[in-house]
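Worksheet: one structure, shown below.
Nothing in this text is a laboratory measurement; each read-out follows from the coordinates by a stated rule. Note that the structure is predicted; figures quoted are calculated from it, not measured.
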Amino acid sequence: MSAVMSFVAVQSSLAKWLRASLACTFIIVASYLPSIAYAQALSMINGNETQKITISDLRQQSDTAVTLFDPYQGRDVEMRGLEFRRFLIDQFGEVPPALHFIAWDDYEVTLSGWDDPNWLMVTEEDGEPLTLRTRGPLRLVERNHGAREVESLREFNDWIWMIRSIEARW
């Protein structure tokens, strides 16, 4: 009889552990769902007007593929995306003097000098869509590193990852 009671006690403990594990898993998944759901669109802001562009639409429009050395990964990476200058002209009618970026991790920066066809807005890497885990869903990179030393990550601190919104600053 004691063997049966021990078995029942083990089953009860296992059931409690499973319930606790499922509850923890649910909490973790639920905390990530909002960012997953919201990471499906880019907000383009021009004054008081905000337009949302789905990431899937941007992936479909991605017509430029390049293989370049990614200094952060330390290897050649095939990247696919849109020429950023052309994208800005399509969105704003011209290239704004400056752009204010907000990333999914709440990083914010305002930079100028985007009237340069060297910039690529990346939507895919090595044939896979960018995600928040892979510093996506959108990333800005330069197609040509020029004379910069790829070993020095400081020389690439103008690459922008995890882009959530782009605001034109006139």
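Its alpha carbons considered, the range 91-149 gives a radius of gyration followed by a Dmax of 13.1, 35 Å.
Subtracting the Cα-Cα distance of ASP115 and GLU78 from 0.36 nm times their residue separation leaves 10.9 nm of extension gain. Using only alpha-carbon positions in the range 47-170, the gyration tensor eigenvalues give semi-axes of 22, 17, 14 Å once each is multiplied by 5 and square-rooted (largest first).
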